[in-house]
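Below is one structure, written out as structure tokens; the observations come after it.
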């Protein structure tokens with residue numbers, strides 16, 4: 001069965017996937033994501049240290065380092081995760097410009113300036129003890145992080161295309177020979193930079209005349225309408241997972257983007273289960289916050305703990321095995337940016353398939369297992385999202401072993417779903433390493 005699937009993927013899927021993977025703009029996006037990888041890995045280490053799910057850990061750290069220990073420990077997290085859109089703006093533009101053989105450094109600077117130009121510098125602020133809300137001037141940090149990644153990608157591609165078009169048409173200021181190269185390059189980039197900035201300025205002015213007010217708001221508004229239809233049903237659960245996975249597949253933090261709509265629903269259902277649990281009544285809901293983060297997104301969005309497991313223990317190529325070893329520590333604590341951006345899974349025609357399929361399948365398994373009474377429903381206990389599987393399954397069900405068993409089943413199912421795609425990816429990387437070795 002697996003061999004037939006592998007043959008089908010090799011013959012039918014891979015030729016098309018290869019063409020898509022070689023597309024200039026997709027390559028630029030994938031390579032641009034790599035710019036933030038080492039910083040994300042460093043940030044992940046601090047994030048794990050801040051949320052180690054060990055009883056008494058918080059009290060020990062507070063007694064040792066003071067009440068603000070977690071705030072100080074997560075400073076590096078803010079300086080890495082919260083700036084991913086900026087890294088992406090620079091990286092995507094750099095690699096796209098490089099593919100056109102134009103000055104990548106100036107293109108990156110123009111891209112970053114364009115991204116900041118379309119981002120409104122407005123922050124809502126409510127002083128303590130005052131009901132009135134004020135709007136203050138400042139860069140909204142949420143748009144500099146994962147929520148601004150899609151806008152950063154689009155703006156980087158557009159601004160760089162404007163830059164390279166004008167450069168290649170030689171519509172530039174040319175200085176006499178003898179001028180220092182750095183000065184000459186600056187004047188060469190003056191007209192393309194002006195064109196890109198003016199384009200983004202007009203774009204912002206145009207959007208500000210609408211009810212959307214900013215490009216970022218357009219993205220949120222377009223997503224909010226379909227998400228508002230999601231309720232407590234199995235269909236709603238599948239729709240939630242599908243949207244989150246599709247967003248991640250495009251390089252967007254699916255959970256963060258949908259949080260404003262989904263979190264109020266999931267938290268409300270969780271609290272209703274908590275009240276029923278305390279009263280000794282039957283739990284009314286299945287699709288609470290814990291359902292998704294303890295049974296569906298094992299290892300993070302896409303249930304990627306299974307993929308990291310395969311990378312680490314079954315990978316044959318050096319790249320795959322090294323990435324697995326590098327990612328497994330954070331994946332155990334459900335932090336999967338290293339494997340998502342390091343592989344990368346984003347915009348990867350091959351690995352996107354199991355990345356979307358695995359969480360949908362285990363959503364179905366988990367829902368029916370709880371609906372039929374084989375597994376205890378989430379009790380409403382707020383288990384930290386960084387809690388490893390098995391521990392989280394036990395705690396989230398109020399100490400029921402059935403929650404642990406379901407997690408084990410989901411993990412095994414995810415491994416089987418990822419395996420054929422992992423196998424192809426591993427062979428491809430192994431072949432690339434062999435070709436590079438022969439060349440050298």
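The residue that is farthest from the chain's Cα centre (by Cα), counting only those in region 174-189 that are surrounded by 13 or more Cβ atoms within 10 Å (Cβ to Cβ) and part of a helix (DSSP H, G or I), is 184. Looking across region 162-173 at every residue that is in contact (Cβ under 8 Å) with a residue 40 or more places away in the chain and either outside any helix (DSSP H, G or I) or touching a helix residue (DSSP H, G or I) at 6+ places or on another chain (Cβ under 8 Å) (or both), the one that is farthest from residue 108 (Cα to Cα) is identified as 167.
Being outside any loop (DSSP other than H, G, I, E, B) and modelled with pLDDT under 80 narrows it down to one residue among 198, 115, 143, 150; which is it?
Result: 150 is the single residue among 198, 115, 143, 150 that is outside any loop (DSSP other than H, G, I, E, B) and modelled with pLDDT under 80.
Given the residues 388, 378, which is the only one that is within 24 Å of residue 233 (Cβ to Cβ) and either modelled with pLDDT under 95 or part of a helix (DSSP H, G or I) (or both)? So that I can check it myself, show each step before the final result.
Details: 388 fails: within 24 Å of residue 233 (Cβ to Cβ).
Going through 388, 378 in turn, the sole match is 378.
Among the residues in region 315-326, are any surrounded by fewer than 23 Cβ atoms within 10 Å (Cβ to Cβ) and on the phi > 0 side of the Ramachandran plot? There is no residue in region 315-326 that is surrounded by fewer than 23 Cβ atoms within 10 Å (Cβ to Cβ) and on the phi > 0 side of the Ramachandran plot.
Answer with yes or no whether residue 410 is modelled with pLDDT of 95 or more, surrounded by 18 or more Cβ atoms within 10 Å (Cβ to Cβ) and out of contact with any strand residue (DSSP E or B) (no Cβ under 8 Å at 6 or more places or on another chain). Break it down into steps so the answer makes sense when it comes.
On the way: modelled with pLDDT of 95 or more: yes; surrounded by 18 or more Cβ atoms within 10 Å (Cβ to Cβ): yes; out of contact with any strand residue (DSSP E or B) (no Cβ under 8 Å at 6 or more places or on another chain): yes.
So residue 410 passes the test.
Taking every residue in region 196-219 that is more than 19 Å from residue 139 (Cα to Cα) and pairing it with any residue that is assigned to a helix (DSSP H, G or I), at least 6 positions away or on another chain, the pairs with Cβ-Cβ distances below 7 Å are 196/110; 196/114; 196/159; 196/162; 196/163; 199/162.
The values are calculated or read from the model by the stated rules, or taken from the named source; none is laboratory data. No experiment lies behind these values; they were computed from the predicted model shown. Using ideal geometry, Cβ is built from the backbone for each residue, glycine included, and neighbour counts are taken over all protein chains shown.
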